[in-house]
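See below for the structure under consideration.
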Amino acid sequence: MLRNSEIHDVVWPRAARQMEIAPVAPRLETLEGKTVAQLWDFLFRGDEVFDLLEQGLKKRYPTVKFVSWKDFGSTHGADERQILADLPETMKSMGIDAVISGMGC
């Protein structure tokens, strides 16, 4: 026996997709001789994490170069819109081949 016979609409909490899915860039075959940018939102110990990543990657790929998160500014905060808008040109001018983007949760 049904105690509540009301019928309710069911809604999905997520909005309709706003953009088409774009293909991802192809993976690099190696980081040997490449320049890797470090992007960070200045949350959750990224300074420590990037140091460890850099040390480990340099052991595996001795000629890899890094551009520090310190050179980019926070990807989350007062200047984030401008920093993110400038990233493509900034990375092109610095010869960036790959990015490690860290964010705190």
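A few points about this structure:
- Scan of segment 31-46 for residues that are over 14 Å from the mean Cα position of the chain (by Cα) and surrounded by 15 or more Cβ atoms within 10 Å (Cβ to Cβ), ordered by number: Leu31, Lys34, Thr35
- Qualifying positions in segment 55-84 - surrounded by 10 or more Cβ atoms within 10 Å (Cβ to Cβ) and of a type in the set (D, E, K, R): Lys58, Arg60, Lys65, Lys70, Asp71, Asp79, Glu80
- Taking each residue of segment 32-61 that is in a loop (DSSP other than H, G, I, E, B) and looking for partners that are loosely packed, with under 15 Cβ neighbours inside 10 Å and among the hydroxyl-bearing types (Ser, Thr, Tyr) with beta-carbon atoms closer than 8 Å, six or more apart or interchain, yields Glu32/Thr63; Gly33/Thr63; Tyr61/Thr30.
- Candidate set: segment 34-81, residues that are in contact with a Ser or Thr (Cβ under 8 Å, 6 or more places away or on another chain) and aromatic (Phe, Trp, Tyr); chosen: the one nearest to Gly95 (Cα to Cα): Phe66
- Figure legend. Inter-residue proximity from segment 73-96: first residues of a type in the set (Gly, Ala, Ser) and assigned to a loop (DSSP other than H, G, I, E, B), second residues surrounded by 12 or more Cβ atoms within 10 Å (Cβ to Cβ) and modelled with pLDDT under 90, beta-carbon distance below 6 Å, spacing 6+ or different chains. Indicated pairs: Gly73/Asp79; Gly73/Ile83; Ser74/Asp41; Ser74/Phe42.
- Every residue from segment 95-105 that is over 12 Å from Gln38 (Cβ atoms) and surrounded by 14 or more Cβ atoms within 10 Å (Cβ to Cβ): Asp97
- Selection count where residues are out of contact with any Lys or Arg (no Cβ under 9 Å at 6 or more places or on another chain), over 20 Å from Leu87 (Cα atoms) and not hydroxyl-bearing (Ser, Thr, Tyr), scope segment 4-31: 18
The values are calculated or read from the model by the stated rules, or taken from the named source; none is laboratory data. All values reported here derive from a predicted model rather than from experimental measurement. In this analysis, Cβ positions are derived from the backbone assuming ideal geometry, glycine residues included, and neighbour counts consider all displayed protein chains.
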